[in-house]
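First comes the structure, then the notes that go with it.
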Amino acid sequence: MDAKILHWAEQRDLLKHENAPKQFMKLVEEVGELSNAMLKNNISEQIDAIGDIQVVLIILSEQLGINYDEALKSAYNVIKERTGKTINGTFIKD
């Protein structure tokens with residue numbers, strides 16, 4: 001799917017490094033839309049916002065010269081052995 005998204009972005013001249021700050025602002029906008037959808041308990045809007053966030057992150061990663069999948073693997077490698085417990089819905093690491 002990443003390749004399709006990047007192809008779409010390339011066709012629209014979005015993948016330039018100098019576009020990264022605006023892409024970041026788009027990410028903030030999409031996170032706000034997810035927040036609004038959660039407040040309204042609107043599942044279809046939540047799905048749309050989560051998908052949009054992923055698209056924006058894939059494009060932003062490319063603009064910054066970061067491999068999205070490698071960044072995700074790196075984050076997982078940091079948390080995979082993490083221990084702790086969930087308190088009031090928030091994971092608290094040891």
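The values are calculated or read from the model by the stated rules, or taken from the named source; none is laboratory data. No experiment lies behind these values; they were computed from the predicted model shown. Quick reminder, even Gly has a Cβ in these numbers, built from the backbone with ideal geometry, and neighbours come from all protein chains shown. Ligands, DNA and RNA are stripped out before the accessible areas are found, and what is left, the full protein with its side chains, is counted by its heavy atoms. Shrake-Rupley method; radii C 1.70, N 1.55, O 1.52, S 1.80 Å.
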| query | Can you list the lysines whose alpha carbon sits under 25 Å from that of residue 26, skipping same-chain ones fewer than 8 residues off? | reply | 4, 16, 40, 73
| said: Quick check: residue separation of residue 3 and residue 66 times 0.36 nm, minus the Cα distance between them. What number comes out in nm? | reply: 21.3 nm
| said: As an exercise, use a Förster radius of 35 Å and the Cβ-Cβ distance of residue 13 and residue 40 to find the FRET efficiency, rounded to the nearest 0.05. | reply: 0.50
| note | So the carbon and sulfur contribution to the accessible area of the chain, 1.4 Å probe, in percent, is 58 percent
| query | All other residues with a Cβ under 11 Å from the Cβ of residue 68 taken together, and with Lys, Arg as +1 and Asp, Glu as -1, what is their net charge? | reply | -3
| Mean residue ellipticity (222 nm) of the chain, computed from DSSP H runs ≥ 4 via -39,500 (n - 2.57), nearest 500 | -22500 deg cm²/dmol
| Normalized C-alpha radius of gyration of segment 26-94, against 2.2 N^0.38 Å? | 1.36
| query | With every protein chain present, what is the per residue accessible area of segment 1-62 (1.4 Å probe, Å²)? | reply | 69 Å²
| Dmax and Rg, reported as Rg then Dmax, of segment 1-61 (C-alpha, Å) | 12.4, 36
